[in-house]
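Below: one structure, written as C-alpha cells.
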Amino acid sequence: MTSGWLRLPPACRAVAAACIQATVYITAMQAFAGIAKDLMKLAGKSTPKLLTKDGAEGRLFRLIAWITGALAAGAHHIFF
C-alpha cells in the first residue's frame, strides 16, 4: 500500500513540496528576525549605560522612556 503523498498526481506533489519549502523558509526567517530583534534590544539597553557619564543615566533613561512611550502611543493610534 502506498502512502498518501505518493498517490498525489505529479503536479500536486510539486505544489505540496513548494508549500513545504516555503513554510520552512518563512519559519527560519522569522527565527532569524527574532534573534536580531533580541540582539538589538540588548544593544539598546547596554549602549546608553556605556556612553553616559556617572549620574546622568536617569535623565537619559527618562528621555528614552518618553520617546518609546510616545512612539507606542502613536503606533497604537495609527493601527487601531
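Just so it is clear, none of the values below were taken in a lab; they were calculated from the coordinates. On a predicted model such as this, the values are computed, not experimentally measured, just so you know. Cβ coordinates were reconstructed from backbone atoms using ideal geometry, including for glycine residues, and neighbour counts include every protein chain displayed.
Full extension of the chain between residue 33 and residue 46 gives 2.7 nm of extra length, using 0.36 nm per residue less the Cα-Cα distance.
Between residue 22 and residue 64, the modelled labels are 4.0 nm apart [label points 7 Å from Cα along Cα→Cβ]. Here the extension length gained between residue 15 and residue 53 equals 7.8 nm, from 0.36 nm per residue of separation less the Cα-Cα distance. The HN-Hα couplings worked out from phi for segment 8-22 by the Karplus form 6.51 cos²θ - 1.76 cosθ + 1.60 (θ = phi - 60°) are 6, x, x, 5, 5, 4, 5, 5, 4, 5, 5, 5, 5, 4, 5 Hz, whole numbers, x standing for Gly and Pro.
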